[in-house]
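The values are calculated or read from the model by the stated rules, or taken from the named source; none is laboratory data. Given the structure is predicted, the values throughout are model-derived calculations rather than measurements. Virtual Cβ from ideal backbone geometry, glycine too; neighbours counted across all protein chains shown.
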Amino acid sequence: MGPSSSAKNLLLFLALFGSVLLFRNAECASEEDTLFQEINSYRASLNLSTLIQNSNAACLAKQLAGQFKNQPCSNTSGADTVPGTEPQFSNYPDLLSTCHLNVSDTRDGAIMPACVPDLVPSLVLTNFTLTQYNQNLNDTKFTGVGIGSNKNWIVVIMTTSTSEGDYTNAQSASWFFRPGLICHSAFLLISAIFFL
């Protein structure tokens with residue numbers, strides 16, 4: 001006697017569910033998600049604590065990457081910028097406001113832009129680990145990170161647990177856009193439709 005049709009349907013669902021679980025992270029992984037995981041792996045290799053994702057810092061990183069997007073990559077931009085010569089954005093207060101932040105919430109943080117053609121993951125990571133930025137990645141005062149990208153630019157913002165660097169003063173209106181949440185929501189929706 002063979003399995004009933006409901007048992008076959010259950011086995012089919014489990015096989016489909018398993019396949020989707022295996023591949024959904026690879027399909028939904030963005031440059032930001034990949035770099036976040038790689039930065040934490042890098043820090044773990046140095047016996048440093050892992051960083052937590054900070055949605056307000058990620059919002060500001062996305063805003064800043066948008067400001068950089070039309071600037072060409074060069075040997076004087078991004079991680080190669082001479083300290084003190086970084087571009088200044090006249091609309092920086094507006095960018096902070098968009099992300100529900102103010103200057104006092106961001107003083108102790110570190111903003112690190114990098115330009116990498118096509119955002120090749122291995123090159124993106126080395127733009128942070130093998131440049132002046134590694135001082136921030138290696139610093140134990142940093143406890144969080146926000147990452148945003150646009151075209152060839154990726155911006156990493158390091159946050160602290162102090163009130164002047166936690167990037168959390170104002171209301172956190174961007175909670176819905178946390179990395180991966182949209183992909184996970186789509187997966188749950190598809191699963192629910194399958195059961196109907």
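For the reader, a short list of remarks on this structure follows.
- Residue match in the range 43-54 (condition: at pLDDT 90 or above, farther than 17 Å from Met112 by Cα and touching a helix residue (DSSP H, G or I) at 6+ places or on another chain (Cβ under 8 Å)): yes
- Residue ranges of strands (runs of 3 or more DSSP E) in the range 75-192 with at least 1 members at pLDDT 60 or above, touching a strand residue (DSSP E or B) at 6+ places or on another chain (Cβ under 8 Å) and over 21 Å from Gln53 (Cβ atoms): 110-115
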